Amino acid sequence: MSNQANYRHTLTVRITHWVNVLCLTVLLMSGLQIFNAHPALYIGKQSDFDHSILSITAEERNARLVGVTKLAGTNFTTTGILGVSKVAGADTPRAFPSWATLPSGQDLATARRWHFLFAWLFVVNGLAYLVYGLTSGHLYQDLLPSRLALRHIGQSLLNHVRLRFPRGEKARQYNVVQQLTYLAAIFFLLPLVVVAGLTMSPALDALFHPLASIFGGRQSARTVHFIGATFIVLFVIVHVVMVISSGVYNNMRSMITGRFHLGTES
C-alpha cells in the first residue's frame, strides 16, 4: 500500500492537546518552585523533616555545601542536581535548580499565582475535552479498546518495547496499549492530581472538608500530588520517545494540521 494521508486528529483534540502542553509545563515548573519552599514530603499529619519520606536539603561538609536527597530513610548525595546548585557562580541551597522552576529565583508567592491560574485553565480545558469526547464519540470510538484488541495486549506491549509501530491501515487508530494508557491518564492519574491539589487549598478544604480525610490529611495529599505529578512527567517522557521513534515529523504534523500519513503497511 502506498503512502496516503489520513485526517487523524480533530481541531478540538489538537487545541486541547496544546493547551495541556502549556498548562502542564507551567504547572510543573511553578510546582517545583512551591516545593522548594518546603522541600519535604510526609504521610499523615506530621510535617517535620525527621518524619519525611522524601526530603531534598543541603548540608555543610568540609566547609562546602552538599546536596542531600533522603528517600525512605536512605541518603543520597545529589549536589549539582538536587539540594545544591549554582546561582551566579556560587553554591546555593535549593531543592530543584533555577532552570527547572518558575520563576527561576526564589519566589513562592509568584509561583503560587502561576500554579493556581494554570491549574484552573487545565481543569477547564480538561472538562472541555471530556465533554467533546463524550458528545462526539471520540472517547469510546477511539480510546475504548475492543475485546479482540485486549486479547493482543501482550503483543502490542512487546511491539512498543521493540519500538515497532503499525503502518498502513493499522496506523489509523490507537493500539490497545495507547488506548489503555490514555484512559488511565484521563480518568485516573490527572483527576487524582487535581483533587489532591484541591485538598491542599485551605479555602476549598473548608468547603469540602471530607477531601482531607480521603487522603489522610493535607500532608498526605501533598505527597500524592507530588507522586502523581512525577508519573505525569514519566508519561510525557515515554510519550515523547514514542512520538520521535514512530516518526516525529508525521506525528507533529498530525497534531498541528490533523493530517497523518499512513505509510506502507508491514
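The values are calculated or read from the model by the stated rules, or taken from the named source; none is laboratory data. Worth saying up front: this structure is predicted, and the values here are computed from it rather than measured. Neighbour counts run over all protein chains shown; Cβ positions are idealised from the backbone, glycine included.
Looking for something surrounded by 13 or more Cβ atoms within 10 Å (Cβ to Cβ), outside the structural domain of His51 (by TED's automatic domain parsing) and over 24 Å from Tyr129 (Cα atoms) - is there at least one such residue anywhere in the range 230-243?
Of the range 230-243, the ones surrounded by 13 or more Cβ atoms within 10 Å (Cβ to Cβ) are 231-232, 235-236, 239, 242-243.
Restricting the remaining residues to those that are outside the structural domain of His51 (by TED's automatic domain parsing) gives 231-232, 235-236, 239, 242-243.
Applying the additional criterion that residues be over 24 Å from Tyr129 (Cα atoms) yields none.
No, the conditions are met nowhere in the range 230-243.
Looking at Val224, is it under 24 Å from Val124 (Cα atoms) and either out of contact with any Gly (no Cβ under 6 Å at 6 or more places or on another chain) or modelled with pLDDT of 85 or more (or both)?
Details: under 24 Å from Val124 (Cα atoms): yes; either out of contact with any Gly (no Cβ under 6 Å at 6 or more places or on another chain) or modelled with pLDDT of 85 or more (or both): yes.
Taking the combined requirement at face value, the residue satisfies it.
Quick check on the range 142-151. Is at least one of its residues in contact with a strand residue (DSSP E or B) (Cβ under 6 Å, 6 or more places away or on another chain) and of a type in the set (D, E, K, R)? Talk me through it step by step, then tell me what you get.
In the first step, residues of the range 142-151 are kept if they are in contact with a strand residue (DSSP E or B) (Cβ under 6 Å, 6 or more places away or on another chain); the result is none.
Within the range 142-151, not a single residue is in contact with a strand residue (DSSP E or B) (Cβ under 6 Å, 6 or more places away or on another chain) and of a type in the set (D, E, K, R).
Of Ala203, Ala221, which residue is out of contact with any Leu (no Cβ under 9 Å at 6 or more places or on another chain) and free of Cβ contacts under 8 Å to residues at least 60 places away in the same chain?
Numbers: Ala221 fails: out of contact with any Leu (no Cβ under 9 Å at 6 or more places or on another chain).
Unique residue meeting the criteria: Ala203.
Please state which one of Arg112, Arg172, Arg167 is surrounded by 14 or more Cβ atoms within 10 Å (Cβ to Cβ), among the basic types (Lys, Arg) and within 25 Å of Asn6 (Cβ to Cβ).
Details: Arg112 fails: within 25 Å of Asn6 (Cβ to Cβ); Arg172 fails: surrounded by 14 or more Cβ atoms within 10 Å (Cβ to Cβ).
The match here is Arg167.
Counting residues that are of a type outside the set (D, E, K, R) and free of Cβ contacts under 8 Å to residues at least 12 places away in the same chain, which strands (runs of 3 or more DSSP E) fully inside the range 14-103 reach at least 3?
Values: elements: 54-61, 64-71, 74-77, 83-87, 90-94.
Fully inside the range 14-103 and qualifying: 74-77.
Matching residues to (1) over 21 Å from the mean Cα position of the chain (by Cα); (2) farther than 23 Å from Phe260 by Cβ:
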residue: Ala111; (1), (2): no, yes
residue: Ala119; (1), (2): no, yes
residue: Leu127; (1), (2): no, yes
residue: Leu139; (1), (2): no, no
residue: Leu143; (1), (2): no, no
residue: Ser156; (1), (2): yes, no
residue: Arg167; (1), (2): yes, no
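Report yes if some residue within the range 226-246 is more than 20 Å from His115 (Cα to Cα), not hydrophobic (A, V, I, L, M, F, W, C) and not in a helix (DSSP H, G or I); otherwise report no.
Yes: the range 226-246 contains one or more residues that are more than 20 Å from His115 (Cα to Cα), not hydrophobic (A, V, I, L, M, F, W, C) and not in a helix (DSSP H, G or I).
Quick one: how many residues across the range 216-225 are assigned to a helix (DSSP H, G or I) and either small (Gly, Ala, Ser) or exposed (fewer than 14 other Cβ atoms within 10 Å of the Cβ) (or both)? Can you show your working first?
Kept after step one, since they are assigned to a helix (DSSP H, G or I), are these residues of the range 216-225: 218-225.
Those still in the list that are either small (Gly, Ala, Ser) or exposed (fewer than 14 other Cβ atoms within 10 Å of the Cβ) (or both) too: 220-221.
Summing the residues that are assigned to a helix (DSSP H, G or I) and either small (Gly, Ala, Ser) or exposed (fewer than 14 other Cβ atoms within 10 Å of the Cβ) (or both) in the range 216-225 gives 2.
Let me confirm something: among Ala149, Ala119, which residue is modelled with pLDDT under 95, buried (at least 17 other Cβ atoms within 10 Å of the Cβ) and assigned to a helix (DSSP H, G or I)? Please lay out each step first, then the result.
On the way: Ala119 fails: modelled with pLDDT under 95.
Of the residues listed, the single one that is modelled with pLDDT under 95, buried (at least 17 other Cβ atoms within 10 Å of the Cβ) and assigned to a helix (DSSP H, G or I) is Ala149.
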